[in-house]
1. How many nm is it between the label spots at H113 and Y176, if each spot is 7 Å from the Cα in line with the beta carbon?
2. Arrange the peptides 114-123, 100-109 so that the one whose residues have, on average, the most other Cβ atoms within 10 Å appears first.
3. Once you have a ≥ b ≥ c as the square roots of the Cα gyration tensor eigenvalues for the range 21-105, tell me rounded if a/c is under 1.5, and otherwise prolate or oblate according to whether a/b is larger than b/c.
4. Can you give me the long-range amide H partners of A177? Hydrogens built in the peptide plane at 1.01 Å from N, cutoff under 5 Å, separation of 5 or more residues or another chain.
5. Using θ = phi - 60° and the Karplus form 6.51 cos²θ - 1.76 cosθ + 1.60, what ³J(HN,Hα) does each residue of the range 114-121 get, whole Hz, x for Gly and Pro?
6. Using a Förster distance of 41 Å, how high is the FRET efficiency between A211 and K241, based on the Cβ-Cβ distance and rounded to 0.05?
7. Please express the Cα-Cα pair-distance distribution P(r) of the range 27-239 as a list of whole percents, one per 5 Å bin, running from 0 to the bin with the greatest distance.
8. If amide H atoms are built 1.01 Å from N in the plane of the peptide, which residues on other chains or at least 5 residues away come under 5 Å of the amide H of S104?
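Laboratory data are not the source of any read-out in this text; all were calculated from the coordinates shown. Treat the numbers as computed from the prediction; the structure is a model and nothing was measured. Methodologically, a virtual Cβ is constructed for each residue, glycine included, from the backbone with ideal geometry; neighbour enumeration extends over all protein chains shown.
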Amino acid sequence: MRPLAVRVASAMFALCGVAPCAPASGAAAPLVAVDIGHTEAAPGAMSARGRSELSFNRELAAHLVEALRARGLRTLLINADGRIASLQERPRAAAGAGADFLVSIHHDSVGEHELRAWHWAGRRQFYSDRWAGHSLFVSRANLDTARSVLCARAMGARLQRGGFAPTHKNGQRREYADHAHAVHYYDELAVLRHARMPAVLFEGGVIRHRAEELRLADPLHQARMADELATAIAACLHAGKPADDEATADARGERIPPVLPAED
Ligand SMILES: [Zn+2]
């Protein structure tokens, strides 16, 4: 027998016939735009073992899309092919699709003066084991700074609850919006300030750190991190909104009886 949740969902979708089909409440689920930072032409930072930041961003973004969908949210992946034309194109694509939230996925590096040389797989590479951990950025030039900060705080809180430690490396140069959750203001970031919806830039960790690079490349670690982020984003986007309005609840009670498990 199919689980109850699946049968309830099937009953809901059966009511509206052809796609696209909104949930029975009449309100579409929030749409989250997940932006893969950097491009094939400019792949961002380099890891301690010589992997590009873009490749880390791609993997975490894919896990995040999956985790958001598992929570019933709609998603839009931006820059899937790594060939997006400009920074402004990212929030523009999100706005064009009607996204309610934009999260840009990045991985962090360190200043050149902190790098040390080592050899990995027969090649000379550069690392720094000084800093490790995630951090978050919001812009006060964004149209909805308040919800951007709320979502970033929730993301930071969930990550710490899940055992992920933040870095305060970026506190040296970027003012804090929330110290406890490593949320910083970075007002001039184009992807955030041009966004017409709340937006957060997430740095998953420091890929120049030799041990953290290995963790960040681990699919299980990526999935766990994505799971905490998706929990926070879902909660943040529903914050302040009633679970169901009264009229919808009444109508559902009369017209759409719940599908209960068969007695067997
Ligand atoms: Zn980056």
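1. About 2.4 nm, to one decimal.
2. The most tightly packed comes first, giving 100-109, 114-123.
3. oblate
4. The list, which skips near neighbours in sequence, is V183, H184, Y185.
5. 3J(HN,Hα) across the range 114-121, in whole Hz: 8, 7, 10, 8, 8, 10, 9, 6.
6. Result of the calculation: an efficiency of 0.50.
7. 1, 8, 16, 21, 22, 17, 9, 4, 2, 0, 0, 0
8. Distant-sequence amide H within range of S104: D35, V200, L201, F202.
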